[in-house]
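First the structure, in the form of structure tokens, and then the observations on it.
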Amino acid sequence: MSDREEFTPRSKKKSQISEILKRLLMNHAAVVGMLIMLILIFAAIFADYVAPYSYEQQNLNEMFARPSLKHLFGTDNFGRDIFSRVIYGARISLFIGLTSVVLGCISGGALGAIAAYYGGRADNIIMRVLDVMNSIPNLLLAISLSASMGAGVGNAMIAIGITSIPIYARVVRAAVMTVKEQEYIEAARVLGVSNRRIILRHILPNSLAPIIVQASLGIAGAIITTASLSFIGLGVVPPTPEWGGMLSAGRQYIRNHWHMVTFPGLAIMITVMSFNLFGDGLRDALDPRLKR
Amino acid sequence: MDTLLDVKNLKKFFKTPGGMLHAVDGLTFNIDRGKTLGIVGESGCGKSTLGRTVIGLLSKSGGDVFFEGRNIKTLTKDESLELRKKMQMIFQDPFSSLNPRMTVSESIAEGLIAHNICKNGIELNRQVSNLMDTVGLASRFALSYPHELDGGRRQRIGIARALALNPKFIVCDEPVSALDVSIQAQILNLLQDLQEEKGLTYMFITHNLSVVKHISTEIMVMYLGRLVEKSPSDELFEHTLHPYTQALLSAIPTVNLDGKKERIILQGEIFSPINPNPGCRFAARCVYSREKCREIDPEINEVTPGHFVACHFMEEINGIHVK
């Protein structure tokens with residue numbers, strides 16, 4: 001036994017996180033994704049300072065202006081600055097993306113954890129109900145939910161959150177079922193640790209990795225669904241700038257004014273790509289088998 | 001003698017697609033306070049299942065377990081939570097038996113927290129450092145994670161965790177078989193010291209016969225969920241009566257300078273425990289087996305006080321006579 005080697009225990013507490021971060025930073029694609037993500041989040045939070053114009057400031061003298069230094073992405077059919085609207089749109093898209101994922105993650109995660117932990121009948125009932133939900137195409141379910149609740153940011157968020165519940169439930173269930181079989185869970189049971197504490201302290205922290213990955217990828221999906229909902233007029237109501245809504249509005253002018261649809265479309269694409277890159281990188285970084 | 005644990009006709013069956021798997025099939029035994037019962041048998045004979053069933057991790061399919069004279073089945077919810085403090089378990093794999101996201105001190109404190117034993121954080125910390133001291137873990141490891149430690153230290157954490165609640169009875173499920181030989185000895189000595197110090201009672205499950213000889217006061221040999229032979233430790237090694245135990249013991253590697261040592265090599269594979277045929281479970285591999293062995297379950301006879309054997313032809317094989 002080499003009891004003499006020295007290290008300061010306190011710095012060790014962070015070792016797992018720093019190691020994961022190190023592995024993440026070694027992955028160039030993930031770093032690019034993370035950078036774009038950070039820029040987007042920064043722009044969304046400080047939109048009031050970053051955007052050169054207000055998102056609803058109309059200037060009818062400058063309708064359909066082509067991209068120029070004054071209007072980087074040009075203007076739309078009301079003379080509003082598309083660059084500013086894309087930046088404010090990031091706020092909406094990211095907000096809906098994040099909150100709907102959090103909503104789906106927590107409720108789906110709880111259902112999945114309960115199903116896996118208790119097994120048997122609870123598992124059967126929960127998973128079959130979720131199967132029914134899963135049998136309806138995601139977008140169709142989101143459309144019907146937001147159609148019944150009405151358009152608006154809050155409703156779109158809830159609709160998208162609900163449609164993602166089965167996915168998270170599945171991911172969490174699979175993760176929990178693996179962790180559940182570990183001996184340390186048995187050890188906790190022998191100690192008389194309550195079920196609640198076993199789930200919260202032992203099972204969830206150890207099954208988080210796939211959930212985090214699914215969530216980071218899920219945000220990308222949620223942003224696309226938000227855009228789709230707005231595109232068909234069920235998501236965010238104008239004049240609130242939303243990328244999908246902007247695409248929808250620009251659609252009728254696409255022949256003559258390409259910039260109206262191109263930039264919101266690019267924004268969606270880049271955002272989704274950045275989250276996907278980051279999510280992929282995170283999955284690799286969290287997998288200890290890839291440790292180098 | 002003061003009996004701590006009394007197991008009567010314990011059964012544990014598992015439903016499998018092929019039928020009922022008889023993992024533990026009617027075991028009756030008891031363990032006296034402060035003693036160690038070693039349980040040996042080859043892989044798949046139901047040793048671990050027995051341990052897990054006794055401790056309550058698996059539900060029984062039949063039979064009764066009495067702890068300190070009380071049937072565990074009849075305990076109320078509060079009482080069985082209280083029982084959790086008295087019966088603990090040490091696991092085989094020190095890698096998977098510790099939560100990788102919990103520090104050493106958190107893992108050890110888990111039982112104390114679950115039972116609200118310490119009033120405040122200071123007391124909790126003191127208790128944990130006492131426990132670490134007891135099992136020989138340097139206090140500077142308190143904030144380390146299991147993956148930073150070697151197998152021996154991890155197993156010490158597992159032992160400290162089991163000791164946290166001041167148990168009377170500990171099921172040791174192959175606690176040293178995942179460790180290096182040099183570390184094995186350390187852990188075994190630690191377990192023996194703790195037993196002396198705290199008057200612990202062990203049920204020591206292992207397939208390592210040298211280990212079991214070293215640590216046990218009594219040994220129970222299992223074959224396919226059944227008791228084959230049970231006897232005080234020395235007696236078993238001196239007067240081995242059951243053909244299966246004889247074969248098992250002959251497999252212990254020894255230093256023998258006088259040339260050949262007789263080894264009994266068993267033919268064939270261990271039987272499937274799914275829907276087993278009546279009769280002696282060992283009959284198919286036993287060199288002495290006859291028709292009777294394949295048809296009638298052998299009774300368990302007490303040959304000398306404390307020495308139980310389950311074999312029809314035990315007298316004939318060993319040239320002894322039991323009244």
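Every number in this text was worked out from the coordinates using simple rules, so none of it is lab data. Just so you know, these numbers come straight off a predicted model, no measurement behind them. Every residue, glycine as well, gets a Cβ built from its backbone with ideal geometry; the counts of neighbours run over all protein chains shown.
Expressed to the nearest 5 percent, the antiparallel share of DSSP beta bridges inside chain B is 65 percent.
A full extension of the chain between A:Arg196 and A:Leu60 corresponds to an added length of 42.9 nm, given 0.36 nm per residue minus the alpha carbon distance.
Amide H contacts for B:Gly63 (H built 1.01 Å from N in the peptide plane; partners 5 or more residues away or on another chain; cut-off under 5 Å): B:Lys11.
Across the stretch B:44-50, coupling constants 3J(HN,Hα) worked out from phi with the 6.51/-1.76/1.60 Karplus curve, θ = phi - 60°, read x, 8, x, 4, 5, 4, 4 Hz, and Gly and Pro carry x. Each residue, B:Glu42 and A:Glu19, gets one label point 7 Å from its Cα in the Cβ direction; the gap between the two is 3.9 nm.
Rounded to the nearest Hz, the phi-derived 3J(HN,Hα) couplings of the stretch B:117-132 under the Karplus curve 6.51 cos²θ - 1.76 cosθ + 1.60 (θ = phi - 60°) are 7, 9, 6, 9, x, 5, 5, 4, 4, 5, 4, 4, 6, 4, 5, 4, where x marks glycine and proline.
Excluding the site residues themselves, the longest part of chain B lacking any GluC sites (Glu not before Pro) in a DSSP loop with at most 12 other Cβ atoms within 10 Å is B:1-261.
Once you list every other residue whose beta carbon is under 12 Å from the beta carbon of B:Lys230, what net charge do they have if Lys and Arg are +1 and Asp and Glu are -1? Around B:Lys230, the surrounding residues sum to -3. Helices in chain A that qualify as membrane-span-like (whole DSSP H runs, Cα extent of at least 24 Å along the helix axis, mean Kyte-Doolittle hydropathy of -0.5 or higher) are A:28-45, A:82-118, A:208-231, A:259-286. With a 10 Å cut-off around each Cβ of B:139-152, the average count of Cβ atoms from other chains is 3. Rounded if a/c is under 1.5, else prolate if a/b is larger than b/c, else oblate: which is the protein assembly as shown, with a ≥ b ≥ c the root eigenvalues of its Cα gyration tensor? Prolate shape, in that a/c is at least 1.5 and a/b is the bigger ratio.
Taking each residue as 0.36 nm, the span from B:Lys292 to B:Asn189 lengthens on full extension beyond its C-alpha to C-alpha distance by 32.6 nm.
Once the chain from B:Asp150 to B:Lys15 is taken as fully extended at 0.36 nm per residue, the excess over their C-alpha distance is 44.8 nm.
For chain A, averaging the sequence separation of C-alpha pairs within contact (under 8 Å, six or more residues apart) and dividing by the residue count gives a relative contact order of 25 percent. Pairs of Cα atoms nearer than 8 Å and 6+ residues apart set the relative contact order; for chain B it is 21 percent.
Mind checking the stretch B:1-80 for chymotrypsin sites (Phe, Trp or Tyr not before Pro) that DSSP puts in a loop (not H, G, I, E or B) and that have at most 11 other Cβ atoms within 10 Å? Answer in residue order: no site qualifies.
For the protein assembly as shown, DSSP calls about 65 percent of its internal beta bridges antiparallel. Where only DSSP H runs of four or more residues are counted, chain B gives -9500 deg cm²/dmol as its mean residue ellipticity at 222 nm, each run worth -39500 (n - 2.57).
Less than 5 angstrom separates the built amide H of B:Ile219 from those of B:Gly38, B:Ser231, B:Ser233, all sequence-distant by 5 or more or on a different chain. Proximity of backbone amide H atoms, modeled 1.01 Å from N, is registered between B:Val171 and B:Gln88, B:Met89, B:Ile90, B:Met203 at under 5 Å, excluding neighbours fewer than 5 places apart on the same chain. Computed about its Cα centre, the charge dipole of the stretch A:168-216 is approximately 220 debye, with only Lys, Arg, Asp and Glu carrying charge at their Cβ. Cα-based values for the stretch B:3-216, radius of gyration first and Dmax second, are 17.3, 55 Å. When the alpha carbon coordinates of the stretch B:242-323 are projected onto the principal axes, the ranges are 43, 34, 21 Å, largest first. Relative to the Cα centre, the charge distribution of the stretch B:21-93, modelled as +1 at Lys and Arg Cβ and -1 at Asp and Glu Cβ, gives a dipole magnitude of about 160 debye. Sites listed here are chymotrypsin sites (Phe, Trp or Tyr not before Pro) in the stretch B:275-320 whose DSSP assignment is loop and whose Cβ has at most 15 other Cβ atoms within 10 Å: B:Tyr288.
Between B:Ile300, B:Ile55, B:Ile159, find the one with the highest GNM mean-square fluctuation for chain B; connect C-alpha pairs within less than 10 Å. Between B:Ile300, B:Ile55, B:Ile159, it is B:Ile300 that shows the largest mean-square fluctuation. Considering every Cα-Cα pair within the stretch B:61-179, what fraction, in whole percent, is farther apart than 20 Å? Value for the stretch B:61-179 (Cα pairs over 20 Å): 45 percent.
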